[in-house]
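Asks: Let me give you the structure first, and then I'll get to my questions.
The values are calculated or read from the model by the stated rules, or taken from the named source; none is laboratory data. Since the model is a prediction, treat every value here as computed from it, not as a measurement. Because the Cβ atoms are built from the backbone with ideal geometry, glycine has one as well, and the counts that use them run over all protein chains shown. Heavy atoms of the whole protein, side chains included, go into the accessibility calculation; ligands, DNA and RNA do not. Shrake-Rupley method; radii C 1.70, N 1.55, O 1.52, S 1.80 Å.
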Amino acid sequence: MIEGFISAPGAAFQMDALRSVSQAPVKGALDTHYHYDHSMGNAFYGANGIPLWAHANTAKRIVESYGALQGADKATFLRPLEKAVKEAKTETARKHREDYLAHVTNVFNASNSAVLALPNHPLDPSKLPTKVDLGGVTAVLESYPGHSGTDIIVRVPEQNVVYAGDLVFSNMYPVSFDAQATVSGWRQTLKTFASWDKDTLFVPGHGPICGQEGIALLRALFDDIEEQAQRMHKAGVPALEAADLYEIPEKYKNVAIFAWDFSIGPTITKLYAEWGAK
């Protein structure tokens, strides 16, 4: 079973879906990474005695990121973000800060309504890939850089399917807000994905199932963000200002954006940092 979802009912739904087609015993569950929308339902697995696998740093990052939010004062926590909305210098910047505030509010609410449960089967990335026999079908667990610093994918070679977690956003801009997200690392990961069989199916962390065309689009989005950021960097535009000035090309108008300050903004600021700029 893959992902802890955003709540225990989400993980339970996956179990119900499994039981509608098979009564095979569950060998384990896997968090593809630590983010709240992939781990807040972990308690379901613990309550049902299902071993939970994840990157070795996942438990630590769940506690650091969400444990501190449990029982915290919501108004105090959100006040700096509300202040950022009020102090935005342009209408565009204000809209970006408002979207960010809304999504962080969702993170706070989810964290406070969940019983945090941690993986009990840590996977050392230096010892991956590893194979798991699922009774005639082999699942290969692999670690790649990019989205969170804790990313694990599951490849099923016999089926030519890859459960990619948030290393693949299908028809969506990449979300790179995490402190351990790396733009250069993620782009290298996508280059690797693009080298796999042309008929590979990718089950993304967000968006519809896609093939290699989905990987190509995600790589093109990174390319376009870098191209625009490079122009602004050469013009002397500061990183934080450049993060608000990216213009979505007409050909990408139908590509979804989770939230500007989770995706496009941090991608640009990370690019600036990789260039040694501010």
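Asks: Which of GLY28, THR200, PRO80 sits farthest toward the positive end of the charge dipole of the chain, with +1 on the Cβ of Lys and Arg and -1 on the Cβ of Asp and Glu?
Replies: With unit charges placed on the Cβ atoms, the residue in question is PRO80.
Asks: Compute the distance in nm between two label points, each set 7 Å from the Cα along the Cα-to-Cβ direction, one at ALA194 and one at ASP16.
Replies: It is 4.1 nm.
Asks: Hey, another quick one. Give the calculated FRET efficiency between ILE248 and ILE209 to the nearest 0.05, with a Förster radius of 22 Å applied to their Cβ-Cβ distance.
Replies: So the FRET efficiency works out to roughly 0.35.
Asks: I'd like the projected area of region 46-165, averaged over all directions, using the convex hull of its alpha carbons. Report it in nm² with one decimal.
Replies: 10.3 nm²
Asks: For the chain, give the percent of accessible area contributed by carbon and sulfur heavy atoms, probe 1.4 Å, rounded to a whole number.
Replies: Percent of accessible area from carbon and sulfur atoms in the chain: 56.
Asks: Take the alpha carbon atoms of region 134-169, find their center, do the same for region 221-259, and report the distance between the two centers in whole angstrom.
Replies: So the two Cα centres are separated by 29 Å.
Asks: About the Cα centre of the chain, what is the dipole size in debye to 20, counting +1 per Lys and Arg Cβ and -1 per Asp and Glu Cβ, all else neutral?
Replies: The calculated dipole for the chain is roughly 340 debye.
Asks: What does the convex hull of the alpha-carbon atoms of region 151-278 project to on average, in nm²?
Replies: Quarter of the Cα hull surface area: 7.6 nm².
Asks: Sort all Cα-Cα distances of region 124-187 into consecutive 10 angstrom bins from zero, then give the percent of pairs in each bin up to the one containing the longest distance.
Replies: In whole percents, the pair-distance histogram is 21, 46, 26, 6.
Asks: If packing is taken as the average count of other Cβ atoms within 10 Å, what order do 224-236, 82-94 fall into, highest mean first?
Replies: My ranking of the peptides, most packed first, is 224-236, 82-94.
Asks: Let me ask something else about it. Relative to the compact globular guide of 2.2 N^0.38 Å, what is the alpha carbon radius of gyration of the chain, as a ratio?
Replies: Relative to the rule-of-thumb radius for its length, the chain sits at 1.04.
Asks: Considering all projection directions equally, how large on average is the shadow of the alpha-carbon convex hull of region 1-43, in square nanometres?
Replies: 2.7 nm²
Asks: Leaving out ligands and nucleic acids, and using a 1.4 Å probe, what accessible area per residue does region 1-79 come to in Å²?
Replies: Value for region 1-79: 46 Å² per residue.
Asks: Per-residue counts of other Cβ atoms within 10 Å, averaged by peptide: what ranking do you get for 207-218, 32-43, highest first?
Replies: 32-43, 207-218
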